[in-house]
Amino acid sequence: MIDKIMPSIELAIAGIKDGAVIMIGGFGQAGTPFNLVQALVEQGAQGLTVISNSISQAAPLVENRRVRKLIASFPIWVDRTRPNPLDEQVPTGRIELVMMPQGTLAEAIRAAGAGISAFYTPTGAGTFIEEGKEKMVFNGKECLLELAIKADVALVKAYKGDRMGNLVYRMTARNFNPLMAVAAEFTIAEVEEIVDVGKLDPEIIVTPGIFVDRVVKAPKRGEWIYRKEG
């Protein structure tokens with residue numbers, strides 16, 4: 001049996017290269033792999049393309065200038081104690097920001113995992129979102145052609161995992177994590193608890209181990225605790 005458990009966070013993210021395309025699961029505080037993201041900052045990879053629901057999931061990477069391109073639905077900084085780093089990095093061209101409606105982002109990720117190259121959606125038609133995109137009319141509605149989004153690596157957070165990589169999630173922490181785990185070439189899962197194979201009820205496994213390459217147990221965090229370089 002293949003054992004996918006990693007002994008440390010550092011080893012779990014080892015091998016992520018400069019310029020990699022990274023998906024980061026989570027929605028606000030729920031389901032964000034805080035420890036994996038912080039470890040990636042300390043590992044040093046840069047020039048990354050990050051795909052996440054909002055800037056919140058990638059906060060340390062953005063502040064430490066490791067991100068070249070951000071694809072997100074909400075590029076809004078919720079921490080009012082610090083300025084949004086995108087306010088300085090986007091206008092100067094240091095970060096390319098691509099905004100996508102949340103449902104479109106989720107479907108683009110899901111499509112990649114399902115092997116679908118593109119899909120049409122009415123969301124965004126008639127707005128700045130449609131710029132440069134092919135349009136067609138279905139049932140009297142203008143629809144935009146959106147391409148599937150895949151990644152080199154997905155960083156996800158789950159509640160429990162076993163040695164084969166099977167994952168279960170807790171309530172809203174499920175959010176983008178299962179979609180991203182399937183849409184990446186390589187998936188690394190941060191979990192709160194590791195159990196023996198056979199201890200997870202098959203009926204509640206959301207992400208089968210075939211989609212997961214590494215699993216690491218990490219401390220539970222409810223907020224960002226990280227060091228900003230420079």
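The values are calculated or read from the model by the stated rules, or taken from the named source; none is laboratory data. Computed from a predicted model, the values in this text were never measured in an experiment. Using ideal geometry, Cβ is built from the backbone for each residue, glycine included, and neighbour counts are taken over all protein chains shown.
Remarks
- Restricted to region 60-73, and to residues there that are within 13 Å of the chain's Cα centre (by Cα) and crowded, with 24+ Cβ neighbours inside 10 Å, the residue that is farthest from Leu147 (Cα to Cα) is Leu61.
- Pairing each residue of region 167-191 that is without any contact (Cβ under 8 Å) to a residue 24 or more places away in the chain with any residue that is among the aromatic types (Phe, Trp, Tyr) and surrounded by fewer than 24 Cβ atoms within 10 Å (Cβ to Cβ), provided the two are 6+ apart or on different chains, yields C-beta distances under 6 Å for Arg170/Tyr159.
- Tally, over region 115-145, of residues that are without any contact (Cβ under 8 Å) to a residue 12 or more places away in the chain and of a type outside the set (Phe, Trp, Tyr): 9
- Among the candidates Ile116, Ile149, Ile194, Ile129, residue that is among the hydrophobic types (A, V, I, L, M, F, W, C) and assigned to a helix (DSSP H, G or I): Ile129
- Of the strands (runs of 3 or more DSSP E) contained entirely in region 41-110, those carrying at least 3 residues that are within 19 Å of Phe27 (Cβ to Cβ) and touching a helix residue (DSSP H, G or I) at 6+ places or on another chain (Cβ under 8 Å) fall at 67-72.
- Yes/no for Met1 being surrounded by fewer than 23 Cβ atoms within 10 Å (Cβ to Cβ), modelled with pLDDT of 90 or more and either of a type in the set (A, V, I, L, M, F, W, C) or closer than 17 Å to Val212 by Cα (or both): no
- Looking across region 40-57 at every residue that is in contact with a strand residue (DSSP E or B) (Cβ under 9 Å, 6 or more places away or on another chain) and under 18 Å from Ala14 (Cα atoms), the one that is surrounded by the most Cβ atoms within 10 Å (Cβ to Cβ) is identified as Leu40.
- Exclusive hit being acidic (Asp, Glu) and touching a helix residue (DSSP H, G or I) at 6+ places or on another chain (Cβ under 6 Å), set Glu192, Glu131, Glu146: Glu146
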